[in-house]
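Asks: Sharing a structure with you now.
The values are calculated or read from the model by the stated rules, or taken from the named source; none is laboratory data. Bear in mind that the values here come from a model prediction, so they are computed numbers and not experimental data. As a convention, Cβ positions derive from the backbone with ideal geometry for all residues, glycine included, and neighbour counts pool all protein chains shown. With ligands, DNA and RNA removed, areas are computed over all heavy atoms of the protein, side chains included. Shrake-Rupley method; radii C 1.70, N 1.55, O 1.52, S 1.80 Å.
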Amino acid sequence: MSQATLQIVKISGHAGTVPGAGVERGEQVCKLVDTTTCIGCKACEVACLEWNGYQFSDTTFDNTYQTMPQTAWNYWNLIKCNEHEREDGTLQLLMRKDQCMHCADPGCLAACPADGAIVQYANGIVDFQQQNCIGCGYCVSGCPFDIPKFNPATKKMFKCTLCADRVTVGLEPACIKACPTGCLHFGAKEDMKVIAEDRAQQLREHFDFKDAGVYDPAGVGGTGVIYVLHDVKNPEAYGGLPRDPHVPWVVRIWKGPAKWLGNLAMLGGILGVTLHYLRFGPKEVGPERHKGEQP
Amino acid sequence: MYNRASCDPDGKPWDADRKQVWWSESAQSWVGNDVPDFKADSPPKEHMGPFIMNAEGVGRIFGPLAAFADGPFPEHYEPFESPVQNPLHPKQSNNPVVKKLKSPFDKLGTTADGFDVICTTYRLTEHYHYWTKNNPVNVELIPEAFIEIPVELADKLGVKGGEKIKLTSACSFYIAKAFVTKRIKPMTIDGKQVFQIGLPIHQGYRGIQEDRARNARTIANRLTPTVVDPNAFTPEFKGFLVKIEKA
C-alpha cells in the first residue's frame, strides 16, 4: 500500500508536495457505529484480532465486561463498557466500539516527524507505515483519542488500519463483517451520515432518547468512524469519548510557527557565525601551554 | 416443519413453485429437493401423517392431558429453593409433579438455614456454552470466572470488585471474583430486602485458563439443585438459594 502514491493525499514529515495527490477522487469511506444496538458480544474484537493475525494475550478480570482497559498495539478494537446512571435514575450499560477514528484532519499525521510513516489515502483512511516509523511516539501527543500504541519489541507504532488491505480490494472491514446485530455499518461517508441521522431521529421521536445524535466531531475535520449516541451531549459517558476533540495546540504551534521560527533561528545562527568570521577572522590558539604538559 | 406437510394428502406439493418432496409413482418412493423426514417408501394411500412424533400423525392445537405431566392450564410455581411461599397458593408453593433425585447430594436449601441470597445462572454473549473455554480469543475476552453482585450487597459484605467471594448452596460451594455492578438491584419482597446475584456458567473443569491453573476447576452447576421439569426435563438452574461470604 505504501507505494500506491496515487491514492495518498497526505504524508507525515514530508517536504514538498505529495506526488500524485488529487489523481484519485473516490468517496470517503466511513464506519458507522450505532451504540444503541450493540449487545457487547465483542465479535468485532475477535474479527479484528484474527484478520490482523494477532495472537492471544493474557488479560485479567477488572470488575467490568471490558476485555482490557485500553486498546493495545496488538489489540486495535475494544468495546468500552460503562454503567451510566441517567438523571431519571434508570441505568444504562453503554457499549462503544473504540478504535482509530480516521480523522479528516489527523493529529497523529501532523505530529509525526518521520517522512511517510503516516499517510492519508484519498478514501480517508489514515494508515501507519511501520517501515518508515522511527518509534518516537509523537503521534500519541497528536491524537485526541489516545489511539496509537507502541510495540516495545519492534519499536514501532500500531493502530487500526480501517482494514485498508480489505477496503482496497472491495471488502468491508473485518469488524463490520462480523457484527451480528447490524450495529456496524460501512460505506461512503455521505451515506453513513444519512443513515446515522435517520437513526438518531428515530431515537428522539420514538424512544426515550431526547438528546440522541450523531458524533462526527468538527474539531478534527470530521471522522471516518461516526457514532450514533443515546445522548450526544454527554459523549464522555461512553468511555471518555472527548466532547470537542482538537489536535492539541502544542502540536499545531510546534508543527506550524515554531517550526519556522526554529528554522529561522538556525539560519540566523549560521549567518551570525559567518559574519563573525568575516569580521574577526578565525580563532587563533595561543602558544602558551598549561603547567605539567609536555612540549 | 416436517417436509411431508408441504404436500397434499395425495402426495402432490401444495405450491408448485416451492417443491420440497413429492410422491413418485414410478419410483414408488418419496423424491425431491429435500431428504424425506419420514418413511420414504410409504405411499400416500397409507396416510402416514407428517407429524411423525405424534401417534395420530398430525399437528396438535391442544395437547391431550395424557401428553403432559401437568396442565392443561398455565400456572405459576415458585422454584424449589425460594425465599417466599407462592403468593397464589401458599399451601402448594411449587410443582408437585417435578422429578427430584434422592442422592445424598440432592439437598435443598431454605432461608431458615441461612441460604438467603437468590442466585441465577446464565451464559454470556462472548461464549458458546462451555466449549469456548478452549478457544484462546474467547478466553481473552472473559479471562476469569466472576459472580455479579449488587453494589448494596458488596457494601454489606465489605467486598470490592475483583476480590474473591464464596457462594455456598445446600449442595456445594463455588469461589470466584466479585463483579460489583449497579445492573442488579436489590428487591423488596414481603417487606424484606432480598438480594439477587448472577453466576455466569462457562469456566471450570478443564479449559485454557483451568489447565494453566489461573481458574479454579469447580463449575457453577455444583451449586444448583437437580430438580427436573416434568415436561421439558429442564433442570431448575435459574433460581436457587445460596449463602455469600468473603473468600
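Asks: Near A:Lys189, which lysines are there with a Cα under 20 Å away, not counting those fewer than 8 places off in the same chain?
Replies: Filter leaves A:Lys10, A:Lys31, A:Lys97, A:Lys177.
Asks: Related question: When the distances between all Cα atoms of region A:192-295 are binned every 10 Å from zero, what whole-number percent does each bin get?
Replies: 12, 22, 14, 12, 10, 9, 9, 7, 4, 1
Asks: Another question, if that's okay. For region A:5-247, what is the accessible area per residue in Å² when the probe is 1.4 Å?
Replies: Per-residue value: 42 Å².
Asks: In Å and on Cα atoms, what radius of gyration and Dmax does region B:9-105 show?
Replies: Answer for region B:9-105, Rg first and Dmax second: 22.9, 67 Å.
Asks: If you line up the Cα atoms of region A:5-247 on their principal axes, what length do they span on each, largest first, in Å?
Replies: Principal extents (Cα only, largest first): 55, 40, 31 Å.
Asks: Using the alpha-carbon atoms, what tilt in degrees (0 to 90, nearest 10) does helix A:257-280 show relative to the longest principal axis of chain A?
Replies: Once rounded, the angle reads 0 degrees.
Asks: Could you work out which residue, out of A:Arg199, A:Arg96, A:Arg279, moves most in a Gaussian network model of chain A, that is, has the largest mean-square fluctuation with Cα springs under 10 Å?
Replies: A:Arg279
Asks: Let me ask another. Compute the orientation-averaged projected area for region A:50-100 from the convex hull of its Cα atoms and round it to one decimal in nm².
Replies: Mean orientational projected area (region A:50-100, Cα hull): 4.5 nm².
Asks: As a test of the formula, what do you get for the protein assembly as shown when each DSSP H run with n ≥ 4 contributes -39,500 (n - 2.57) and the sum is divided by the residue count, at 222 nm and rounded to the nearest 500 deg cm²/dmol?
Replies: It comes out at -5000 deg cm²/dmol, rounded to the nearest 500.
Asks: Right, another one. Considering only the other residues whose Cβ falls under 10 Å of the Cβ of B:Val228, what net charge follows from Lys and Arg at +1 and Asp and Glu at -1?
Replies: Net of charged neighbours comes to 0.
Asks: Quantify, in whole percent, the carbon and sulfur part of the accessible surface of region A:148-295 (1.4 Å probe; protein heavy atoms only).
Replies: About 62 percent, which is the carbon plus sulfur part of the accessible surface.
Asks: In percent, what relative contact order does chain A have, based on Cα pairs under 8 Å that are 6 or more apart in sequence?
Replies: Computed value for chain A: 22 percent relative contact order.
Asks: Shifting gears a bit: Where does the Debye-calculated log10 I(q)/I(0) of region A:18-81 sit at q = 0.20, 0.30 Å⁻¹, using only Cα point scatterers of equal weight, no solvent?
Replies: Log10 I(q)/I(0), no solvent term: -0.89, -1.43.
Asks: Among all the lysines, which ones have a C-alpha under 16 Å from B:Lys166's C-alpha, if same-chain residues fewer than 8 places away are not counted?
Replies: B:Lys156, B:Lys177, B:Lys243, B:Lys246
Asks: Given the convex hull over the Cα atoms of chain B, what projected area results after averaging over all orientations, in nm²?
Replies: With the hull built on Cα positions only, its mean projection is 19.8 nm².
Asks: Further, regarding this structure: What ranking of A:Val126, B:Val35 comes out by heavy-atom accessible area, probe 1.4 Å, highest first?
Replies: B:Val35, A:Val126
Asks: For A:Glu83, what accessible area in Å² do you get when you roll a 1.4 Å probe over the heavy atoms of the protein chains, rounding to the nearest 10?
Replies: Probe radius 1.4 Å; accessible area of A:Glu83 about 60 Å².
Asks: Note down, for the protein assembly as shown, the three equivalent ellipsoid semi-axes (square root of 5 times each alpha carbon gyration tensor eigenvalue), biggest first, whole angstrom.
Replies: Over the Cα atoms of the protein assembly as shown, the semi-axes work out to 62, 35, 23 Å.
Asks: Could you work out which residue, out of B:Ser24, B:Ser93, B:Ser172, moves most in a Gaussian network model of chain B, that is, has the largest mean-square fluctuation with Cα springs under 10 Å?
Replies: B:Ser24
Asks: Here's something else I'd like to know. For chain A, modelled as a Gaussian network with Cα springs under 10 Å, which listed residue fluctuates most, A:Gly256, A:Gly142, A:Gly281?
Replies: In the Gaussian network model the winner is A:Gly281.
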